[in-house]
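Reviewing the structure listed below.
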Amino acid sequence: MSEGRGRRAARTGARLIGGGAVAAGVVVAVVAGLTAPWPTIQREPAEIAAVPAPAPVVLACGGGLLSLGRDPVAADGLSIAATASVTAGARAEVAVPDPVALDAPFLTEGDGGAAFTALPEGRTRADIAAASSAQIAEPDLAGYAASACRPPLLESWLVGGSAATGAADLVVLSNPGDVAATVELAVFGAEGLTVPPGGAGVVVPPRSQGVVPLAGLAIGEERPVVRVQATGAPVQASLQSSITRTLTAGGVDQVGALAQPATDAAILGVTVTGGTVDAAQVPTLVRVLSPSADATVRVTVTPVGSPTPALTPTEVDLVAGEPLEVDLGGLENGTYTVDVAADQPVVSAVWQTTGFEAGDDFAWYTPAPLVDVPSVFATPAGPEPVLTLQNPGDQDATVVLAAADGGSRVEVIVLAGESTTLRLAPQTVYTLDAASVPIRAAVSLAGDGALAGYPVWPADAAAPPIIVYP
């Protein structure tokens, strides 16, 4: 090779080596750039918290006790066998609205239940409460019934009653709004879920009530559960349940609706007063339904004020859509909490009777929801009311209970995982505040030939702020 060619080859090799080094450096730089953290600029989006104006508070009461066939001119018509006494009130700074009677075209005479509407005061919600009661002692209907007046719902559940021989149960639908409601009543029974013709397309006009006999929905069904679904407007549903045994009236009750199924329910204030009964008779039972899936349910009965169950907990398996009843007989006189825990959402209620003779009464007790905001509730006319408080949490709760009119005030500590009772005055409105510790509460009433109870529902908390991103 000549000297010139050698120099050109050397220069070419140098360029190749230099280019390779540069390329390798670029690759290293790119890889390093990909793996190294890049500078970022973070800007929090602008946001505005807008609190919606509170909505009016609407309550509807079921009304008086109804009887079928008392009017000889209209043998198939319903009449008021006993008028309801209504107690209503509000927080001290809130004006109590006047009741408005709901139209009841099914009655041969008289009006239906009452409705209350409380408008907010500026940006402050106007919390009100009401409860009603009625008592009767007639050959065809006897007993005492008490219930809380509740807000209407688009979906609710009625757990209780019967359509067997001797029962004369009635589904009462109240529409306190200004728009007609169309209601579907679906029945869960021994054959599962059905929507009978009498339960489809039930129209309840505005500011009125409608009644559907339970026997017309599920004749012969001994343990029905009714799902109430409304369109157009929400309705307040209740069940008047009564029984006649061999021409002897055996009690009456007005059963309130449940808002929705749950996996953990506590039924408070179950009052046992009847003493010993015949072994073939069941004075206490719990009805439970898993609407949509097979479930395993555990039922625990605990005396109020005691951490020890009164009975060995019972575990049962449910078939989806088929209600089941569990015998809780053998309880001594006292007040109890029945806890229903399931691996699927269920609805439940406890039936309790004072006995099976003339002059006895019964009650359906429904689950108590958590009360996690200051709330108001009312006690009706009748026997001395008893308030049962349960603290399901892991920290003690200090509960302040005060008469809404500024009268009596009491402070009680409910230990974590325990329950207690307080005696109240009838026909009084109370405020209940547990300082943001969620608790449960229920009112129960027991006397001579009288038994009733209902849970305390929380006040609808003020609507949470809406975050607006401009």
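What the table shows:
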read-out	value
For the stretch 371-448, with +1 on Lys and Arg beta carbons and -1 on Asp and Glu, the positive-most of Gly447, Ala397, Ala434 along the dipole	Gly447
Pairwise label distance in nanometres, Ala180 with Asp294, each label 7 Å out on the Cα-Cβ vector	4.4
Three-way shape label, the stretch 308-396, alpha-carbon gyration tensor, a/c 1.5	oblate
Nearest-20 debye value, the stretch 313-470 charge dipole, Cβ charges on Lys, Arg, Asp, Glu	660
Residues of the stretch 385-401 with amide N under 16 Å of a point placed 7 Å along Cα→Cβ from Thr420	386-401
Heavy-atom accessible area ranking, 1.4 Å probe, most first, across Thr335, Thr124	Thr124, Thr335
Simple label model, 7 Å out from Cα along Cβ direction - Ala95 to Thr165, nm	5.7
Per residue accessible area in Å² of the stretch 191-257, where ligands, DNA and RNA are left out and the probe is 1.4 Å	40
With every protein chain in place, the stretch 259-369: carbon and sulfur % of accessible area (1.4 Å)	47
Point-to-point label distance, Thr194-Glu411, nm (Cα→Cβ direction, 7 Å offset)	5.7
Chain lengthening between Ile219 and Glu138 when straightened (0.36 nm per residue, less Cα-Cα)	26.7 nm
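The values are calculated or read from the model by the stated rules, or taken from the named source; none is laboratory data. All values reported here derive from a predicted model rather than from experimental measurement. Ideal geometry is used to build each Cβ from the backbone, glycine not excepted, and the neighbour counts take in all protein chains shown. Just so you know, the surface numbers come from the protein's heavy atoms only, side chains and all, with ligands and any DNA or RNA stripped out. Shrake-Rupley method; radii C 1.70, N 1.55, O 1.52, S 1.80 Å.
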